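One structure is given here, and the rest of the page talks about it.
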Amino acid sequence: MKNEEYCAIIRSGLQRIISEVSMDAGANLHALNIHAESFFRDFLNLLFGWELRNANADDPNAAGIDLRYPGGNVVVQVSSTYTKEKIQHSLAESEAYKGSHFYFAAISNDRHSFTFTEAEKHGLIFNPAEDILTPKRLHSIIVTDCDLERQRELAALTARYLDGLEKRKRLKPLGSRSTRTGFEYNFEVAGRPVVPFVGRGAEMKALLNFARGEDDVFRWWAVTAPGGAGKSRLAYELQRELLRLGGWDVRAVPGSVIRSESELLGLADAFPGRTLFIVDYVQQYTKELCKWFLNLADPDSERTAPLRVLLLERDVRDAEGSYPWLDRLFGVDTRVEAAFFAEDGRPMELNPLAPEAEGAEDPLLRVIRSFADSVCAQGIAKGDDSLTRLPEGKEAELRAKLDQLDPQLVRPLFAMILADAWVRDPEALRWTQDKLLKETVLREQNFLTKRLEPYGGGQNPRLPRAALQVLAVATVVGAGDGTLQISELSELNCGKVLAAFAELNRKTLIGKGKDLTEALLAEAGLWAEGELIPLRPDLLGEFYVLEHMKKLRPQEAADFFSAILSEHNAALTFFLRVLRDYPASVELRDDAGEALGYRDWFLPAGLELEAERAEWLVWLLRKLFEGAPLEPGPGADRGGHYGAKTHSARAWLADRIAGYAAAMPENSVEAAHIYHNLASVYDDVSRYPKALEFYQKALAIYEKLLGPEHPDTATTCNNLAGVYRAMGDYPKALEFYQKA
């Protein structure tokens, strides 16, 4: 007796696995085969009550047979090639298991039957009519031999593996996104990186030891460095090396997957073979990563193939030189800390590029020479005769200039930017870092504008302005691996401008994309593979956004903030990096302690936002002041964590937001959230009467609109109690603690 629903799930699942393997190609074909082999392992174990093990998942160099059940004298070969020659070859490889029962599981469509002589069976028990497990043969066994409960279990198993296939599609190898500039770590010409991978031999050796070590199934580590030091390039080269060695699946985990608990916790099942996951911008995801690592470190896990997670993050340390985000991960459970690769409990900290051997050439000289030569070669190929070839030995002069531009850490990105600038204008040796970055960003803007000239951008400046706005938004949102959809873009003024010009150019753009706006963005170099392309690397993108924000008109400012605040976590990540990379460009205070920078950047005159966006803007400002890289000192706040200048800056922030909050509609949840954030800022700077005022205003709204038992109501009561306690009013503190 069969259940049609269960059997349909199983039948379609088998066909899906067949089609996925047959369509896949390239470096990850082995990894997808591992996924198929693991499916057949679990499927056959459940179907026949076996205890098969996947040899390839445990050891990519394992010779011969794929699935083995020594206790039951069963061996199974899983193959996407279904021919008599393939079966004969598999039988020959299985000679070491003479006397065992041999099965051939075909990840392939059904073909004709085969006959074999006893000599061709190599001493194995093998009946081709019954032991070639095609989808058709398996379906027949399920229908005739399985009860409904077993069919249900097999259907559930198949559905789980199908879900794994979908998860695999969400994760791409590092560097698979399209490049926009030649400065990006994955930029290649004719399939080869334009800048050689030099100066990181010791780091690469350590990362390979981390990935290939056999001591534990799950291990994790981290690489940290300032922006532009080469974290992503190092991880990219690690990926290339593991794929070259074979047997590895390497994937970057995007923020959208990390934020989905069900997807994140199910990743290990979707990648059953030897796997390296790479996670960037981890500081914003510590809560999610804690749960994931605890799940991966479960001692009862049935996984046997090594799984590694490599984290990438900026050099974000506290006053004691430790990494708060790393401490948060360690603090979740001792098993998570025990799975950390380095015994000293520290991440890999990237230092300046080092010569491979004593007396060897400075790696940065090779970076400068290689990049300058590449820029010239590409220019010549395009007919550009304005570029100047770098004379022999000139790279030493540029190398000396780098010490002035980047005194703390000579970073390869600045070496590339300087080399690029010099071949375009030898006067670049006289430029400051600010001038160098401005000229580089200006070229990117001119490049975009020029590409839009055929579509009306040459006659009407509205088109390039709208495109530059989209580039700025994509760069901010992309900091958290977020993407802005065309539907969201169409709600913004810049999106409407682009749509209007796309319609004007319908005849030219039709057929170049499924949507006219997408096609126009693609022509501008802003759209590829279904998403907007941000300006990278980070240092360049951050500087571009700062320059862009200086020129925003009131309506454009509202447009910009509405867009980036829809991805507020990404915006926070982006601007925290900006504060660390360009503190002089976004000063938090003047000589008198007055914080001027944030007024100019985040509270421009006439900025009007809808209530929800205004709420997130206040949250963003508060979080930025909490995370700003300011010098610690004796603080006046309760925690004692902030110096006097920070104290002044926070007071300024509170005053400005108080004025902004006054324009909010009363008795709305958004207003209550703003009042709560304001109160928190006043609390931090020990202005307790003001903190009480705004906590009480927030509490009144929460109790009215959300009720007395809502978490926001309880949190506000708890915070009120803290303020009363700081003021020495213990009866009031006790009252609100009890209420909370």
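The share of alpha-carbon pairs in region 179-286 lying farther apart than 20 Å comes to 48%. Under the criterion of Cα pairs below 8 Å and six or more residues apart, the relative contact order for the chain equals 9 percent. Scattering from region 530-577 was approximated by placing one identical point on each alpha carbon and applying the Debye formula without solvent; log10 I(q)/I(0) at 0.15, 0.25 1/Å stands at -0.43, -1.15. For region 460-577, the spread of Cα coordinates along the three principal axes comes to 44, 30, 22 Å, biggest extent given first.
Of all lysines in the structure, those lying under 25 Å Cα to Cα from K84, and not within fewer than 8 positions of it along the same chain, are K98, K121, K136. If the convex hull of the alpha-carbon atoms of region 241-396 is projected onto planes in all directions, what is the mean projected area in square nanometres? Averaged projected area of region 241-396's Cα convex hull equals 14.7 nm². Applying 0.36 nm per residue to the separation of R244 and R725 and subtracting their alpha-carbon distance, the gain on full extension is 167.0 nm. Evaluating kT/(6 pi eta Rh) at 4 °C and 1.567 mPa s, with the Kirkwood radius of region 450-509 over Cα pairs in the Stokes-Einstein relation, gives 107 µm² s⁻¹. For the chain, the solvent-accessible area works out to 44 Å² per residue, with a probe of 1.4 Å and every protein chain left in place. Residues whose amide H lies under 5 Å from that of A252, counting only those 5 or more places away or on a different chain, are K172, L174, I278; hydrogens are built 1.01 Å from N in the peptide plane.
Would you be so kind as to identify which of L471, F414, L692 lies farthest towards the positive end of the dipole of the chain, taking Lys and Arg as +1 and Asp and Glu as -1 on Cβ and the Cα centre as origin? The listed residue farthest towards the positive side: L471.
Our summary gives region 207-304 a relative contact order of 28 percent, counting only alpha carbon pairs under 8 angstrom and 6 or more residues apart. Per-residue packing, averaged as other Cβ atoms within 10 Å, sorts the ranges 726-737, 266-277 into the order 266-277, 726-737, beginning with the highest. In plain terms, if you count all Cα to Cα distances in region 380-432 and split them into 10 Å steps from zero, the share in each step is 23, 54, 20, 4 percent.
Candidate values (i) 45, 37, 30; (ii) 50, 35, 27; (iii) 91, 39, 25 were compared with semi-axes √(5λ) of the Cα gyration tensor in Å computed on the shown model; the agreeing label is (ii).
Near V194, once Lys and Arg are set to +1 and Asp and Glu to -1 for all other residues with Cβ below 9 Å from its Cβ, the sum equals -1.
For the chain, the longest principal axis of the Cα atoms and the long axis of helix 538-550 meet at an angle of about 40 degrees.
Legend: distances between Cα atoms for K169/K382; K704/K739; K514/K550; pairs beyond 25 Å are K169/K382; K514/K550. The fraction of accessible area contributed by carbon and sulfur in the chain is 49 percent, rounded to a whole number (1.4 Å probe; ligands and nucleic acids excluded). Specify the inter-centroid distance of region 361-431 and region 475-540, based on alpha-carbon positions, in whole Å. Between the Cα centre of region 361-431 and that of region 475-540, the gap is 32 Å. With Cα atoms defining each centre, region 256-289 and region 670-740 are spaced 36 Å apart in the structure.
Comparing Q433, W50, F40 along the charge dipole axis of the chain, the residue lying farthest to the positive side is Q433, per the Cβ-charge model.
Note that region 406-521, at 4 °C in a medium of 1.567 mPa s, gets a Stokes-Einstein diffusion coefficient of 80 µm²/s from its Kirkwood radius over C-alpha pairs.
The values are calculated or read from the model by the stated rules, or taken from the named source; none is laboratory data. Fair warning: this is a prediction, and the values are worked out from it, not measured in the lab. Note that each Cβ is placed from the backbone with ideal geometry, even for glycine, and that neighbours are counted across all protein chains shown. Accessible surface areas use protein heavy atoms only, side chains included; no ligands, DNA or RNA. Shrake-Rupley method; radii C 1.70, N 1.55, O 1.52, S 1.80 Å.
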